[in-house]
Structures are given as structure tokens and as C-alpha cells.
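Read the structure below first, then the notes.
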Amino acid sequence: MAAGDSFYIATPIFYVNDVPHIGHAYTEVAADVLARWHRQGGDDTWLLTGTDEHGQKILRTAVANDTTPKAWADKLVADAWLPLLETINIANDDFIRTTDERHESAVTIFLQKLYDDGFIYSGEYEGYYCVGCEEYKQLDDLLETPDGDYAGQLVCKIHGRPVEVLKEKNYFFRMSDFQQGLLDLYESQPDFIQPESVRNEIIQFVKQGLDDLSISRSSFDWGIQIPWDHSHVLYVWFDALLNYITAIGYGTDDENFERRWPAVQLVGKDIARFHAVIWPAMLMAAGLPTPRKVFGHGWLLVGGEKMSKSKLTGIAPSQITDTFGVDAFRYYFMRAISFGQDGSFSWEDLSARYQAELANGFGNLSSRVIAMLTRYRDGVVPNGVELTEADEAIFAAAERVTAEADAAIERLAIHEALAAIWTLVDDLNGYITIQEPWALAKDPANAERLDAVLFTALRGLGTLAVLLSPFIPDAAAKLWSAIGGSGEVQQQNVRAAFDWTGGPLVTPLDSSLFPRIEQVEAGTTA
Ligand code: ME8
Ligand code: MG
């Protein structure tokens with residue numbers, strides 16, 4: 001993209017029925033890395049995240065905890081969901097809650113428009129509903145359990161809990177009108193749904209035909225009132241999906257809305273259908289542009305199953321960051337899992353990558369170069385050096401890697417961006433091994449050559465600090481200040497990262513960027 005273009009990216013808004021686990025943190029980090037990259041590339045960037053607070057699932061959780069849904073949501077947001085963003089260093093521009101007045105009022109505007117334009121009608125819904133999914137279910141989505149707690153009942157395939165039979169007068173959204181429009185969208189904009197596996201599944205689903213969608217409930221009142229019929233509240237997904245436009249001024253601030261929309265939307269593949277079918281159909285009905293893309297990433301698995309709140313298999317992000325630090329958390333999940341595919345989390349793998357890639361690979365490279373500049377040159381960075389072919393090769397690699405990483409980010413191939421950047425870490429380590437600056441330092445006759453080697457290595461580190469800042473912001477900032485970078489590393493253009501010409505003075509790091517962790521052993525056995 002051209003610098004200055006709008007880059008609006010959003011995560012799902014998460015249910016506040018429980019505290020976050022590393023699955024939620026995974027989506028947040030991926031979105032944050034992409035946002036930081038674009039922000040550092042000079043794009044007009046906006047990162048939105050938030051919480052989904054209406055509906056039966058939250059209502060029942062609150063009742064079970066002897067409180068009101070609003071009080072419950074307030075507590076979970078303050079004690080768990082906002083702190084998560086600190087724990088994993090998310091630089092979000094906004095945080096929307098579906099109980100925000102700004103959201104509720106804009107949702108009302110949207111609904112009234114659809115109603116006035118004839119896209120909503122009153123009817124009767126009869127069928128199954130899973131409160132865990134907050135979704136109307138077809139028989140295909142259910143299993144009949146022969147034994148166990150729910151013997152003889154129909155249970156949701158995802159939650160393993162009985163579904164409820166609903167028979168209600170509801171308002172319906174004419175989703176079936178949009179079947180062809182959606183298929184045309186998928187066809188004309190082939191990267192609208194990614195990855196390919198999710199795209200194929202969605203196309204398959206839509207080709208089978210779409211039913212109209214029941215969008216109101218009257219048996220409870222924890223939701224946004226239907227403006228023309230206060231005995232109904234809006235279906236929680238219809239409410240939640242609208243956050244992506246209410247947060248940027250839909251209905252209230254046209255200028256900002258025009259500036260930001262449409263968004264790149266990151267979601268887990270569990271909710272890709274809501275985002276790639278219902279959501280664009282809603283937008284089409286309102287005459288609004290559809291999202292730039294919907295990327296359904298894979299799942300973090302535990303014991304081969306999706307990590308989940310409802311199955312109590314969640315690992316809290318702080319369990320990892322307390323031992324390994326925030327940067328390692330961010331790095332690990334972005335590096336170890338191909339973005340778009342499922343990945344199994346393991347302490348062993350995390351620990352091994354920490355040692356090999358962060359501590360020994362990047363951390364050690366940084367410490368060595370800085371230590372040599374300090375020891376051999378009192379921290380003064382050599383200038384006007386004569387470069388050899390080996391030195392030029394490093395500069396060429398830095399330029400190539402900068403372009404490759406940017407192209408990978410553009411494709412949302414976050415793991416490929418990191419892999420490309422890591423080739424520069426490896427090249428620099430190899431370069432230092434071959435050039436042997438410690439040997440050059442022994443003979444004053446080699447002073448000029450030593451200058452060139454130290455200068456080249458330092459410039460490579462500068463490129464790395466800039467390129468890695470979106471992934472590991474704290475370590476990158478520490479490195480940047482040690483190597484005498486001017487201003488903040490977060491202000492340096494990632495797309496020109498190769499072009500850093502070096503600061504005047506290097507100051508020693510007060511500690512390693514990625515210290516050896518004694519507790520790693522404890523972590524692996526925990
Ligand atoms: O679905 N692996 O909220 P939710 C990877 N409120 N990502 C995971 C994950 C896992 N094991 N578990 C959860 C909702 N996630 C709705 C969304 S949006 C308008 C409304 C992440 O709290 C992933 O992003 O159940 C997934 O899509 C999301 O959390 C579901 O969060
Ligand atoms: Mg869920």
C-alpha cells in the first residue's frame with residue numbers, strides 16, 4: 001500500500017462471560033503486529049478491539065454469580081480484558097463495549113434504516129439455539145448423545161451442551177436476498193475471505209442457500225431494544241457485528257467513518273461465517289461497503305482440541321509472560337504458527353525457541369556487537385569506512401529482507417515476515433563469525449577493516465530493531481537506544497528499515513535483551 005493510506009484493523013469483540021486465555025491473546029497480538037507495522041510504515045492506522053456484553057450467555061453468567069449483567073461486564077472488563085492489553089503490550093487505538101452509549105445509539109440508527117428499507121419483517125421462529133455459541137442451529141450442527149449427563153438430548157457439536165428449543169415471534173433480516181450478492185463478492189474479490197480453506201468452506205455454505213435470520217428475542221431483555229418494538233431485544237450477533245462501524249462513527253461522524261472504513265477483520269475460524277456471510281449481507285442491505293477482508297486464523301490447540309473457556313482448557317497469558325516476558329510471548333505465537341493454520345502450544349517448544357532464536361540468535365548478536373563497539377571503539381561508531389563485498393552483501397540482505405517482510409505483512413503472512421527478518425539475524429551472526437572482529441582487534445594494522453565490520457554489523461542491528469519493533473516492541477526499543485538510534489524506534493519507517501545510517505554513539509545494554517531463564521526448566525515441567 002502507499003504510505004498514508006487508511007489501514008483499519010479490528011479483532012473480534014470478546015464475550016465477557018469469562019477471563020481471556022492465550023487464544024484471545026493470539027488474535028490480539030496478530031492484529032497489533034499488523035497495526036504496528038502499518039503505523040510504522042506511515043499508514044493512517046486504527047486498531048480496534050473490545051468486548052461483547054449482551055445476550056443470554058452473559059446474562060446467565062451474571063445471574064449464576066448473583067449479580068447484574070452490567071455489573072458483571074464492568075468487572076470483567078476492568079479486571080481482566082483491559083489488563084490483558086497491558087499484559088501483551090497491545091497498542092490499540094480504541095476499545096469498544098457493546099454497552100457503550102455510542103454503540104447502542106448507532107445500532108438503533110442502523111436497525112431503523114434496515115426496517116424502513118424493508119429488509120426486516122416480523123415472523124415466527126421455531127428451532128434450536130445454543131447459548132454457548134449464541135447461534136440458531138440446524139440439525140446438522142447437533143449430536144444426539146446416547147449416554148452421559150445429557151443422554152437422549154440434542155447437544156451442540158461445539159459446546160457439547162444441550163441446545164434449547166425456541167418458538168418465538170421474532171423479527172427477521174432478509175438474508176436470503178443476499179445469496180447471489182455474497183457469491184459475487186467472493187468471486188470478484190478473491191482475497192475477501194482468507195485463508196483458502198476458510199474461503200472454500202464459506203462458499204460451499206452460501207451455495208447451499210441462505211435462510212432469513214432471526215434477529216430479535218423477546219424472552220429476556222439483556223440487549224439493545226428494537227427501536228419500533230420495545231418488547232424485543234436485538235440478537236446478540238447482529239448487535240456485536242455492528243461494533244466495527246459504530247466505533248468509527250457510523251451514523252454520527254460521517255467524516256471519520258469515510259476515513260476508516262472498510263476494515264481488515266481478523267477473527268478465529270470459529271466465527272468466520274458470521275463475519276463473511278451475515279456481516280457483509282448486513283452491510284449490503286445498508287448500502288455500505290463490505291470489509292476489505294476477513295481473515296479466519298487457526299486455533300490454538302490443547303491436547304488436539306481447541307483451547308476454550310467453556311471446556312476449561314484455557315491458559316492465562318500471564319502464565320507465559322511472567323516467565324518469558326511479553327516480547328517472547330508475542331514472538332513465539334507469531335513465529336511458531338503459520339498464520340491461518342492451527343497450532344499446538346507447548347512449553348517445550350516455547351522454551352526451545354526462546355533459547356535458540358531470541359536468547360542465542362538475536363539477543364546474543366546484539367550484545368556482542370554492542371560489546372565490541374564499546375570495548376574496541378569506546379562506543380564511537382566508525383564513519384566513512386571502506387566496504388568490501390562481504391559488507392555489501394549484508395546491506396543487500398537488509399534491503400531484500402525489508403521488502404520481503406513488508407510483502408509478507410501485506411499478505412497477512414505474519415510468520416513469513418518473521419522468518420524473512422530472521423534470515424538477517426542469521427546472516428549477521430554468520431558474518432561476524434567469518435569476519436572475526438576479535439581477531440582483527442589484536443593488530444592495529446587491521447583498524448580500518450575492524451571499523452568496517454563493526455559499522456556493518458551495527459547497521460544490520462539498526463535494521464533489525466526497526467523491523468522487529470512491531471513484533472517485540474520492548475526489546476527493539478532497548479536495542480535502538482543502545483545503538484544510538486535517534487527518536488523512538490516506533491517512529492522509524494519499517495519500509496525504509498534497511499536505510500538506517502547509524503547513530504554516533506553506542507552505549508552498553510544494561511542487561512541482555514533475552515536473558516537466560518533459570519525458571520525455563522520449571523516452566524517446561526509445570
Ligand atoms: O465469538 N485459538 O467471542 P469469544 C485461537 N463475542 N483463537 C481463539 C481461541 C483458540 N483456541 N479461542 C478463542 C465471540 N480465540 C464473539 C465475537 S465479534 C463481532 C463477536 C479467539 O469470546 C478467536 O479470535 O468466544 C475467536 O474467534 C475469538 O477468540 C472468540 O472469542
Ligand atoms: Mg467462543
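Nothing in this text is a laboratory measurement; each read-out follows from the coordinates by a stated rule. Predicted model, so just to flag it, every value in this text is computed and none were measured. Backbone-built Cβ (ideal geometry, glycine too); neighbour counts: all protein chains shown.
Taking Cα pairs under 8 Å and at least six residues apart, what relative contact order does the stretch 418-526 come out at, in percent?
Details: 93 pairs, mean separation 23.8, N = 109.
Relative contact order, the stretch 418-526: 22 percent.
Under a Cβ-Cβ cut-off of 12 Å, what is the net charge of the residues other than residue 395 that fall near it, where Lys and Arg count +1 and Asp and Glu count -1? If you can, show how the numbers build up before the last one.
Details: positive: 400, 459; negative: 389, 391, 392, 399, 427, 499.
It works out to a net charge of -4.
Using a Cα-Cα cut-off of under 19 Å, which lysines could be cross-linked to residue 293, ignoring same-chain neighbours fewer than 8 residues away?
Qualifying lysines at Cα under 19 Å: 269.
May I ask you to list the GluC sites (Glu not before Pro) in the stretch 415-521 that are in a DSSP loop and have at most 16 other Cβ atoms within 10 Å of their Cβ? Each step should come with its number before you reach the end.
Values: sites: 416, 448, 488, 518, 521; in loops: 488, 518.
Loop-located and lightly packed - 488, 518.
Which order results if 75, 442 are arranged by neighbouring Cβ count within 10 Å, fewest first? It would help to have the intermediate numbers written out before the result.
On the way: 75 14, 442 10.
Sorted ascending by nearby Cβ count, the order is 442, 75.
Going toward the positive end of the dipole of the chain, with +1 on Lys and Arg Cβ and -1 on Asp and Glu Cβ, which of 226, 179, 12 do you reach last?
12
So what's the net charge close to residue 31: Lys and Arg +1, Asp and Glu -1, counting the other residues with Cβ under 14 Å from its Cβ?
Values: positive: 36, 39, 292, 293, 330; negative: 28, 32, 93, 94.
The answer is +1.
As I understand it, the dipole of the stretch 417-510 uses +1 on the Cβ of Lys and Arg and -1 on the Cβ of Asp and Glu, about the Cα centre. Which of 428, 507, 472 lies farthest toward its positive end?
472
Helix 364-377 sits at what angle to the longest principal axis of the chain, using alpha carbons and giving 0 to 90 degrees rounded to 10?
It works out to around 30 degrees.
Under 17 Å Cα to Cα from residue 75, which lysines show up? Leave out anything in the same chain fewer than 8 places away.
Straight-line reach from residue 75, under 17 Å: 57.
Rounded to the nearest 20 debye, what is the charge dipole size of the chain about its Cα centre when +1 sits on each Lys and Arg Cβ and -1 on each Asp and Glu Cβ?
Values: 41 positive and 75 negative charges, 97 e Å.
My answer is approximately 460 debye.
I need the chymotrypsin sites (Phe, Trp or Tyr not before Pro) found in the stretch 231-269, filtered to DSSP loop residues with at most 15 other beta carbons within 10 Å of theirs.
Numbers: sites: 235, 237, 238, 244, 250, 257; in loops: 235, 250.
Taking the stretch 231-269 and a limit of 15 other Cβ atoms within 10 Å, no loop chymotrypsin sites (Phe, Trp or Tyr not before Pro) are found.
How high is the relative contact order of the stretch 141-295? Use alpha-carbon pairs under 8 Å, at least six apart in sequence, and give a whole percent.
On the way: 184 pairs, mean separation 32.3, N = 155.
Relative contact order for the stretch 141-295 comes out at 21 percent.
Compare the Cα positions of 58, 444, 361 along the charge dipole of the chain (+1 at Cβ of Lys, Arg; -1 at Cβ of Asp, Glu; about the Cα centre) and return the one farthest towards the positive end.
444
Can you list residues from other chains, or at least 5 along the same chain, whose modelled amide H is less than 5 Å from the amide H of residue 170?
123, 124, 125
Amide H to amide H, which residues 5 or more places from residue 137 or on other chains are under 5 Å from it, using H placed in the peptide plane?
Placed amide hydrogens put 128, 129, 130 under 5 Å from residue 137.
Can you list residues whose amide H is under 5 Å from residue 341's amide H, if they're 5+ apart or on another chain and H is modeled 1.01 Å from N?
Under 5 Å from the amide H of residue 341 lie the amide H atoms of 298, each far enough along the sequence or on another chain.
Let's see if you can work this out: charge +1 on each Lys and Arg Cβ, -1 on each Asp and Glu Cβ, no other charges. What is the dipole magnitude of the stretch 1-131 about its Cα centre, in debye to the nearest 20? Don't jump to the answer; show the numbers that get you there.
On the way: 9 positive and 21 negative charges, 45 e Å.
Its charge dipole is roughly 220 debye.
³J(HN,Hα) across the stretch 380-395 via Karplus (A = 6.51, B = -1.76, C = 1.60, θ = phi - 60°), whole Hz, x for Gly/Pro?
Values, residue by residue: 7, 7, x, 10, x, 7, 9, 9, 9, 4, 5, 5, 4, 4, 5, 5 Hz.
Where does helix 179-188 land angle-wise versus the long Cα axis of the chain, in degrees 0 to 90, nearest 10?
That works out to roughly 20 degrees.
Where does the chain land at 222 nm, in deg cm²/dmol rounded to the nearest 500, when only DSSP H runs of n ≥ 4 count, each adding -39500 (n - 2.57), divided by all residues?
Details: 21 runs with 230 residues, N = 526.
Helix contribution divided over all residues of the chain: -13000 deg cm²/dmol.
Each residue of the stretch 128-139 in order: what ³J(HN,Hα) in whole Hz does its phi give by Karplus 6.51 cos²θ - 1.76 cosθ + 1.60, θ = phi - 60°, with x for Gly and Pro?
Calculated HN-Hα couplings, in order: 9, 9, 9, 5, x, 7, 6, 9, 6, 10, 9, 4 Hz.
Using a simple charge model, +1 on the beta-carbon of Lys and Arg, -1 on the beta-carbon of Asp and Glu, nothing else, what dipole does the stretch 134-206 show about its Cα centre, in debye to the nearest 20? Before the final figure, lay out the partial values.
Details: 7 positive and 15 negative charges, 52 e Å.
Approximately 260 debye in magnitude.
In sequence order, what are the phi-derived ³J(HN,Hα) couplings for the stretch 493-498 according to the Karplus relation 6.51 cos²θ - 1.76 cosθ + 1.60 with θ = phi - 60°, rounded to whole Hz, with x for glycine and proline?
Values, residue by residue: 5, 4, 6, 10, 4, 5 Hz.
Select from the stretch 142-240 those trypsin sites (Lys or Arg not before Pro) which occupy a DSSP coil region and have at most 14 other Cβ atoms within 10 Å, ordered by residue number. Can you show the working numbers first?
On the way: sites: 157, 167, 169, 174, 199, 207, 217; in loops: 157, 174.
Here the sparse-neighbourhood loop sites are 157.
Relative contact order for the chain: what percent, with Cα pairs under 8 Å and sequence separation of 6 or more?
Numbers: 870 pairs, mean separation 80.7, N = 526.
Taking the mean separation of contacting Cα pairs over the length of the chain, I get 15 percent.
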